[in-house]
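These notes concern the structure reproduced below.
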Amino acid sequence: MAERVRAVVGMDPSADMLVTARRAATAAGTGNVLWLLGSDTDLPALGAWRLALGAVTIGQALHWMDHETVFADFRPILREGGGLPW
């Protein structure tokens, strides 16, 4: 995905998973990713960064999240026309 966009935010509650992801991205020559330690409960704090995300993808972790809350928390940080699978 990072090859097709200007920047990517990768977020995970596990520091070990972020290390693994960062290593894989570096090995692939990908340098346009901001890695964040956090979970769905941290999404409201991202609003303070004035992010304007074009798309959101969630891997296998969606079943651990409160769907109504997580989708509502993403709306303020999606740019107009941005996408979120709901």
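Looking only at segment 24-47, decide whether some residue is small (Gly, Ala, Ser) and at pLDDT below 85.
Quick first cut of segment 24-47, residues small (Gly, Ala, Ser) only: 24-25, 27-29, 31, 38-39, 45, 47.
Checking the rest, the ones that are also at pLDDT below 85 come to 45, 47.
Yes: segment 24-47 contains one or more residues that are small (Gly, Ala, Ser) and at pLDDT below 85.
Name the residues in segment 55-70 that are open to solvent by less than 30 Å² (accessible area, probe 1.4 Å) and either out of contact with any Gly (no Cβ under 9 Å at 6 or more places or on another chain) or outside any loop (DSSP other than H, G, I, E, B) (or both), would you? Listed by number, the list holds a single entry, Val70.
Contact annotation: no residue pair with Cβ atoms under 9 Å, 6 or more positions apart or on different chains, pairs a residue in segment 8-36 that is over 15 Å from Ile58 (Cα atoms) and among the basic types (Lys, Arg) with a partner that is modelled with pLDDT of 95 or more and open to solvent by 80 Å² or more (accessible area, probe 1.4 Å). Limited to segment 23-48, what total is found for residues that are assigned to a helix (DSSP H, G or I) and of a type in the set (Val, Ile, Thr)? Adding up the residues that qualify gives 2. Only one of the numbered conditions (1) in a strand (DSSP E or B); (2) more than 13 Å from the chain's Cα centre (by Cα) is not met by Met11, and that is (2).
The values are calculated or read from the model by the stated rules, or taken from the named source; none is laboratory data. Predicted model, so just to flag it, every value in this text is computed and none were measured. With ideal geometry, Cβ positions are generated from the backbone for all residues, glycine too; neighbour counts draw on all protein chains shown. Ligands, DNA and RNA are excluded from the accessible area calculation, which covers all protein heavy atoms including side chains. Shrake-Rupley method; radii C 1.70, N 1.55, O 1.52, S 1.80 Å.
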